[in-house]
Amino acid sequence: MVEGDCDRNELSDSSNSIEENEDSSVNWENNKDIVKFYTRRYSLFSKFDQGIKLDRESWFSVTPEKIAQNTAKRCQCDTIVDAFCGAGGNTIQFAKTCKKVIAIDIDPQKVELARHNAEIYGVTDRIQFIVGDFFKLADTLEADVVFLSPPWGGLQYKKYRRYNLQRLQPKPFDDLWETARKITPNLAFYLPKNSNTYPLVVAPGSNAVEVEQNILGGFVIAITAYFGNLIKKPITLEESEGE
Ligand code: SAH
């Protein structure tokens, strides 16, 4: 596990401040880099104060609730796979829009956190939690939609003008695509905001992609790429004239 593996939640402003002694259970001396994420805890989980638990990596990588809600609305279906579920940011919201969520993570601690956090949201009955490697499990999975939010390979992603999607962890985008595509053509990828989108456009077997910018507090923090029937139907000229 890489420290601060995917620093996804960084906004450009750091104006929020922690009130002194606000939470005595957190050792701020050893967690200075988490402070800015802690100030945004309610944007990660609106029910944060009801006992949400995150490990160090999850502070950096959990998908903020409003973005996860939006993705879940767009991915509404019977069965969805959350291939890299982490501490459950996306899984919890999928459980509200889908009948069944198969939530997978290779790290048992993450799955425990996801289960605990899902309990706080009262949605565990719709979730099947699996500790395992998505690439190894893929052949056994059946689903209408697969959502993928793999690690971005550490903080370095920000230093690139255009992030190369082959840097995704633990395998490059092409492998991720090939593996997920065997399950369903209806895929959604949560990716760095500065991604070079070329591999998405030329992904084998797909003739269209929709790339959505995910904006929080006025800042683009990530993009989500939708494939298959997750792509919104374009509005034709005739339809828009009729409005
Ligand atoms: N969307 C999640 C965050 C995912 S972070 C949330 O909102 O909470 C990426 C996760 O991928 C990490 O938890 C990491 O443990 C997991 N991961 C890395 N390699 C994996 C693999 N081969 N199979 C399944 N999970 C993996």
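The values are calculated or read from the model by the stated rules, or taken from the named source; none is laboratory data. Keep in mind the model is a prediction, meaning the values are calculated, not measured. Note: ideal-geometry Cβ built from the backbone for every residue, glycine included; neighbour counts use all protein chains shown. SASA here: full protein model, heavy atoms, side chains in, ligands and nucleic acids out. Shrake-Rupley method; radii C 1.70, N 1.55, O 1.52, S 1.80 Å.
Worth a mention:
- Segment 196-221, subset free of Cβ contacts under 8 Å to residues at least 12 places away in the same chain and more than 30 Å from Arg40 (Cα to Cα), residue surrounded by the fewest Cβ atoms within 10 Å (Cβ to Cβ): Asn207
- Residue in segment 88-105 that is most open to solvent (accessible area, probe 1.4 Å), counting only those that are charged (D, E, K, R) and more than 9 Å from the ligand (Cβ to nearest atom): Lys99
- Filtered residues of segment 54-101 (kept if among the acidic types (Asp, Glu) and without any contact (Cβ under 8 Å) to a residue 40 or more places away in the chain): Glu65
- Some residue of segment 222-240 being of a type in the set (Ser, Thr, Tyr), modelled with pLDDT under 90 and open to solvent by less than 70 Å² (accessible area, probe 1.4 Å): yes
- Among the conditions (1) within 11 Å of the ligand (Cβ to nearest atom); (2) closer than 12 Å to Ala83 by Cα, the only one that Pro108 does not satisfy is (2).
- Qualifying positions in segment 166-194 - farther than 26 Å from Thr79 by Cβ and open to solvent by less than 30 Å² (accessible area, probe 1.4 Å): Pro192, Asn194
- In segment 188-243, the residues that are more than 20 Å from Tyr160 (Cα to Cα) and among the small types (Gly, Ala, Ser): Ala188, Ala203, Gly205, Ser206, Ala208, Gly217, Gly218, Gly228, Ser240, Gly242
- When residues in segment 139-165 are screened for being without any contact (Cβ under 8 Å) to a residue 60 or more places away in the chain, surrounded by fewer than 19 Cβ atoms within 10 Å (Cβ to Cβ) and either within 12 Å of the ligand (Cβ to nearest atom) or farther than 22 Å from Trp59 by Cα (or both), 6 of them pass.
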